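First up is the structure itself, then whatever we jot down about it.
The values are calculated or read from the model by the stated rules, or taken from the named source; none is laboratory data. If you're wondering where the values come from, they're calculated on a predicted model, not measured in any experiment. Heads up, the Cβs are rebuilt from the backbone with ideal geometry, glycines too, and the neighbour counts pull from every protein chain shown. Areas reflect the complete protein model, heavy atoms only, side chains present, ligands, DNA and RNA absent. Shrake-Rupley method; radii C 1.70, N 1.55, O 1.52, S 1.80 Å.
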Amino acid sequence: MEIVVVHAASGKELARLNNLSASSTILDVKKTFHKHGKKVALHRQAFRTEPKGRTLNDNEVLKSLQLSSGSTLYFKDLGPQVGWKTVFLVEYAGPLVVYLAIYWFQPRFLYGRLHADPRFPITTIAAGCWTLHYTKRLLETLFVHRFSHATMPLSNIFKNCGYYWGFAAFIAYYVNHPLYTNPANELQMKLGFLGFMLCEVGNLSIHVALRNLRPAGSTERKIPVATWNPFTSLFNFVSCPNYTYEIGAWASFTVMTQCGAGTYSYNL
């Protein structure tokens, strides 16, 4: 079976791929195209049945796409790619470093000659909560999350890091400001801290539940339902309770610190 590969934008014929069969998948097409001498990494390749059609999934079979010998597939180079796990690690490590650097050093270029010593207890508690949150995210990236796609465009790492790193500095600037003062109501701080911790546990619980829905090495997706874990009961009310807990965590952080930068930044 022969498949003709044509460039989606220019219409130029790039290759004629043989040694394929009706049961071959798009992943087989990518491997054959790579071996044909077109040194384009598998993750950069995208194939379509129409020049501006949808990108075909790797597990789709040629026969199911109604392709036969002599049929045409349209190729697009997705450009430089980077692994999802790499992006997550970089974008989550940055806020941890940025926030703690401002917390510890209170840099003069931000605050001039102002310096808070000693600090208010809530400032240290907030730094601990921040550290817990992003350490959890890093560990989830390494040991919990299962990604349906191996890579994303390299440009995404700059956009994602710009958001996470920038707003980490924005929040840290206000919460660690030398003129920052404790909320007057101690009960407010305790309730905010309790809400933050409960939402962090809830967020982790949802991530674990979602992970268990996808067998290792697959892209299978199942409809999530509540499990024995009471924190997963939100699946009965919303589709993505991990985001519900995320918003709850930052709303609680705002209540605890009486600084609106946290919730404002996340909701953006």
Stretchable slack from residue 57 to residue 143, in nm (0.36 nm times residue separation minus alpha-carbon distance): 28.4 nm
Amide hydrogen neighbours beyond the local backbone of residue 15, cut-off 5 Å, H modeled: 5
³J(HN,Hα) computed for each position of region 162-171 - Karplus, 6.51 cos²θ - 1.76 cosθ + 1.60, integer Hz, glycine/proline x: x, 5, 5, 5, x, 6, 4, 5, 4, 5
Note, ³J(HN,Hα) from phi for region 192-205, Karplus 6.51, -1.76, 1.60, rounded to Hz, x at Gly and Pro: x, 5, 4, x, 4, 5, 5, 5, 5, 5, x, 4, 4, 4
Dipole in debye (nearest 20) - the chain, about Cα centre, beta carbon charges: Lys, Arg +1; Asp, Glu -1: 720
Options 181, 42, 198, ranked by Cα towards positive dipole end of the chain, top entry (Cβ charges): 42
Accessible area expressed per residue, the chain, with surrounding protein chains retained (probe 1.4 Å, Å²): 55
Given 12/52; 30/159; 30/222; 52/222; 159/222; 85/136, the pairs whose alpha carbons are separated by over 19 Å: 30/159; 30/222; 52/222; 159/222
Amide proton proximity set for residue 151, modelled H, under 5 Å, gap of 5+: 84
Share antiparallel - DSSP beta bridges, region 1-89, percent rounded to 5: 65
Karplus 3J(HN,Hα) series, Hz, for region 227-243 with 6.51 cos²θ - 1.76 cosθ + 1.60 (x for Gly, Pro): 10, 5, 6, x, 5, 8, 5, 5, 4, 6, 10, 9, 7, 10, x, 4, 6
Reciprocal mean inverse distance between Cα atoms of the chain - Kirkwood radius, Å: 21.9
0 to 90° range, to nearest 10: angle between helix 26-35 axis and the chain longest Cα axis: 80
Gyration tensor (alpha-carbon) shape descriptor, region 1-76, a/c threshold 1.5: rounded
Surface share of carbon and sulfur [accessible, 1.4 angstrom probe, percent] for region 32-124: 58
C-alpha center-to-center spacing [region 22-39, region 121-186] in angstrom: 41
Tensor-based shape of region 100-247 (alpha-carbon gyration tensor, a/c under 1.5 rounded, otherwise prolate or oblate): oblate
Prolate/oblate/rounded call for region 24-183, Cα gyration tensor, a/c under 1.5 rounded: prolate
